[in-house]
Amino acid sequence: MLTKYIVKSVFSALLLILLWLPEAAAHHGWNWTEDQQTEMTGSITEVYIGPPHPRLMIETDVGRWQVDLGNPRQTKAAGFVEGEAKVGDQVLIRGHRSAKQDERIIKAVRATINNKQYTFYPNLLRED
Amino acid sequence: MPETWLLSLSESALASALRQSAIGYPLLSSAHILGLSLLVGSIVTLDLRLLNIVKRGRLSELAPLLSRVAAGGLLLAAVSGLLLFSVQPAHYLGNNAFLLKLVLLSLALINVAIVHSLPAWRLLLAGQPPGLLLKFTAAVSIILWLAIITAGRWIAFV
């Protein structure tokens, strides 16, 4: 009987750990980002459009940054599809930086490339 | 050389189709989860029975059944996993959680090969109770498969 309870407790604890730890680290939602919206310009070094998450890598004055775009559906809805951007293009990102100072990731609300705007989260866009 | 081969996977027609399809990737993720549910669900049950934590059922019947369901789950998880990997191989090869998962998976498969080559396994199928060696490999198996799931889930969070 006792072993049964021990096994049950251990499995429950493992499940809880699995449920809670990713919650703190996940890049879903906006909990991990700064509240303020910032702009950043850079030169594209990598374009990835596809599941599980589309992204850009950009080279800026302050180093190499990862730009998380919308999910595949949102990214497509924003008009950002294969061929819209290529390595070397200049990009203006408007979005929220990671709240961790040492983590160079910005979650884009809007990207501007070659004078064309791609808005991934129209309802979250704040104009200055 | 194997790395070049793995990286070239992303240029395959299948990988390209998966990047563009709205349903391909989520369906494959589902297949991957189904595969690992079958695999881990049955292998943990068998391991707990071998360790005598679960006491119900005859091992001479449970062992061949559960190990075969696990093998089927492993096959499904491996095929779907390779396809998921093909979507962006370079990204995954640079992901420490993914690399750790591959190392743990190799250890788990070595454990499987060892168990199936042991005379104690044949004796188990013939109706003998498991000895200390099989109990040890069962404990190793539980630890490795749970660690593999955890490392796999961590790929998205590093």
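Got a sec? Which of B:Ala156, B:Ala147, B:Ala90, B:Ala138 is within 14 Å of another protein chain (Cβ to nearest Cβ), in contact with an Asp or Glu (Cβ under 7 Å, 6 or more places away or on another chain) and either at pLDDT 95 or above or within 30 Å of A:Pro51 (Cβ to Cβ) (or both)?
On inspection, the qualifying residue turns out to be B:Ala138.
In region A:26-52, what residues are outside any strand (DSSP E or B) and either crowded, with 17+ Cβ neighbours inside 10 Å or β-branched (Val, Ile, Thr) (or both)?
A:His27, A:Trp32, A:Gln37, A:Ile49, A:Gly50, A:Pro51
Give me the pairs: first residue in region A:1-13 and at the interface with chain B (Cβ under 10 Å from one of its Cβ atoms) and surrounded by 10 or more Cβ atoms within 10 Å (Cβ to Cβ), second residue in a helix (DSSP H, G or I) and not small (Gly, Ala, Ser), beta-carbon distance under 9 Å, and six or more apart or on different chains, which are they?
Listed pairs, sorted by first residue: A:Val7/B:Leu48.
Being among the β-branched types (Val, Ile, Thr) and either free of Cβ contacts under 8 Å to residues at least 24 places away in the same chain or buried (at least 19 other Cβ atoms within 10 Å of the Cβ) (or both) is the requirement here; does A:Thr119 meet it?
Judged against the criteria, A:Thr119 is a match.
Is it true that B:Ala151 is in contact with a helix residue (DSSP H, G or I) (Cβ under 6 Å, 6 or more places away or on another chain), touching a residue at least 12 places away in the same chain (Cβ under 8 Å) and of a type in the set (Gly, Ala, Ser)?
Numbers: in contact with a helix residue (DSSP H, G or I) (Cβ under 6 Å, 6 or more places away or on another chain): yes; touching a residue at least 12 places away in the same chain (Cβ under 8 Å): yes; of a type in the set (Gly, Ala, Ser): yes.
When the stated conditions are applied, B:Ala151 passes them.
Filter region A:53-73 for residues that are within 13 Å of chain B (Cβ to nearest Cβ) and touching a Phe, Trp or Tyr at 6+ places or on another chain (Cβ under 7 Å) and give the result.
A:Pro54, A:Arg55
Can you name the residue in region A:78-96 that is surrounded by fewer than 20 Cβ atoms within 10 Å (Cβ to Cβ) and touching a residue at least 40 places away in the same chain (Cβ under 8 Å) and is also nearest to the other protein chains (Cβ to nearest Cβ) among such residues?
Step by step, filter region A:78-96, then rank; the result is A:Val87.
Somewhere in region B:75-87, is a residue touching a helix residue (DSSP H, G or I) at 6+ places or on another chain (Cβ under 6 Å), touching a residue at least 40 places away in the same chain (Cβ under 8 Å), not charged (D, E, K, R) and not in a helix (DSSP H, G or I)?
yes
Tally the residues that are assigned to a strand (DSSP E or B) and under 18 Å from A:Gly29 (Cβ atoms), restricting the search to region A:55-93.
So the answer is 4.
The values are calculated or read from the model by the stated rules, or taken from the named source; none is laboratory data. Source: prediction; values computed, not measured. Positions of Cβ are generated from backbone atoms using ideal geometry, with glycine treated the same way; all protein chains shown enter the neighbour counts.
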